[in-house]
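The values are calculated or read from the model by the stated rules, or taken from the named source; none is laboratory data. As the structure is a computational prediction, the values presented were derived from the model and not from experiment. Note that we place each Cβ from the backbone using ideal geometry, even for glycine, and neighbour counts take in every protein chain shown. Heavy atoms of the whole protein, side chains included, go into the accessibility calculation; ligands, DNA and RNA do not. Shrake-Rupley method; radii C 1.70, N 1.55, O 1.52, S 1.80 Å.
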Amino acid sequence: MKYYIIFGPPGAGKGTHSELLVKKFSFLHISTGDLLRREIAKESEIGKKVKSLIDNGELADDETVLRLIENVIICPALECRGFILDGYPRNLKQALELDKLLAKRGSRINGVISLIVDEDTIVGRIRRRALIENRKDDLETETILHRIKTYHTCTEPLIDYYKSKGCYYSVDGSTTIEEGFESICRIIERLNSEQQ
Ligand code: AP5
Ligand code: MG
């Protein structure tokens, strides 16, 4: 089983590329943002607890997100060859928990693919998405900027963590989706063949 993280700020294209990777490599896409939004839509206990945090661009608590991740990683479908983790981990504590969870299964992160995109581009993408999708955290510029700030403060330090583990790869995320996807596939194909 392969475990890849697709990494980057809000609006970088994590979800877009994850969906394409699912089709190409028979991976399962786990987006913690999608899992949390599903809980909110169901009005579950978890959903009620995290709703205002997510709507305001704050991170949900580590314990809740870890429980959601564990549930999906533990029972993959038979045809699943691996996982694309999108939006997890988002801070060092989550990264350490993930390492522990995978170590228990005799696995590790095979690669972290980081989408590099400048702030004006991601704000523009999120604003356009707000016209199509109905995400509360996309509606106000202040919330979008707060999510970007949270990324810089809590999530970006993980770049050094994964660099030190030798599994960090960056990709230009400001190109067309097709060009970006080609670069990501080249990295995954190389890692898959080196790490058979
Ligand atoms: P999450 O859902 O993960 O949101 P995010 O990180 O802010 O990222 P987005 O989903 O906005 O962007 P994306 O990178 O997926 O880009 P996309 O492909 O959609 O998290 C939401 C919230 O949940 C968090 O703020 C937090 O509250 C909570 N949460 C989630 N995980 C958590 C965790 N681990 N711990 C605690 N809390 C957590 O692309 C964006 C748009 O651009 C799309 O319209 C797309 O079509 C377009 N686009 C993409 N690529 C290109 C391109 N190359 N060219 C042109 N357009 C493009
Ligand atoms: Mg997303």
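Side notes on the structure shown:
- Within region 174-192, residues that are over 10 Å from LEU20 (Cβ atoms) and in contact (Cβ under 8 Å) with a residue 24 or more places away in the chain sit with their Cβ atoms under 7 Å from residues that are among the polar types (S, T, N, Q) and part of a loop (DSSP other than H, G, I, E, B), at 6+ positions apart or across chains, in these pairs: LEU191/ASN110.
- Matching entry among ARG37, ARG108, ARG67 (being within 16 Å of ligand 2 (Cβ to nearest atom) and either open to solvent by less than 20 Å² (accessible area, probe 1.4 Å) or within 20 Å of ILE6 (Cα to Cα) (or both)): ARG37
- Residues that are open to solvent by 50 Å² or more (accessible area, probe 1.4 Å) and in contact (Cβ under 8 Å) with a residue 12 or more places away in the chain, drawn from region 140-151: THR141, LEU145, HIS146
- Tally of residues being hydrophobic (A, V, I, L, M, F, W, C) and open to solvent by less than 80 Å² (accessible area, probe 1.4 Å) across region 70-98: 9
- One residue stands out in region 53-64 among those that are among the hydrophobic types (A, V, I, L, M, F, W, C) and within 16 Å of ligand 2 (Cβ to nearest atom): the one that is most open to solvent (accessible area, probe 1.4 Å), namely LEU59.
- Candidates LEU145, LEU59: the one that is under 21 Å from SER174 (Cα atoms) and at pLDDT 95 or above is LEU145.
- Filtered residues of region 114-139 (kept if open to solvent by less than 40 Å² (accessible area, probe 1.4 Å), within 17 Å of the chain's Cα centre (by Cα) and either among the hydrophobic types (A, V, I, L, M, F, W, C) or more than 14 Å from ligand 2 (Cβ to nearest atom) (or both)): SER114, LEU115, VAL117, ILE122, ILE126
- Residues in region 35-59 that are near ligand 1 (Cβ under 6 Å from one of its atoms) and under 17 Å from ASN134 (Cα atoms): 4 in all.
- Qualifying residues in region 12-29 (those that are under 23 Å from ARG128 (Cα atoms), touching a residue at least 40 places away in the same chain (Cβ under 8 Å) and open to solvent by 20 Å² or more (accessible area, probe 1.4 Å)) - the one farthest from ligand 1 (Cβ to nearest atom): LEU20
- Scanning region 40-52 for residues that are open to solvent by 60 Å² or more (accessible area, probe 1.4 Å) and away from ligand 2 (no atom under 16 Å from the Cβ) yields LYS42, GLU43, GLU45, LYS48, LYS49, LYS51, SER52.
- Any hit, region 165-181, residues being basic (Lys, Arg), within 11 Å of ligand 1 (Cβ to nearest atom) and either buried (at least 16 other Cβ atoms within 10 Å of the Cβ) or not in a helix (DSSP H, G or I) (or both): no
- The listed residues are ASN110, ASN71, and the only one of them that is without any contact (Cβ under 8 Å) to a residue 12 or more places away in the chain and under 25 Å from LEU20 (Cβ atoms) turns out to be ASN71.
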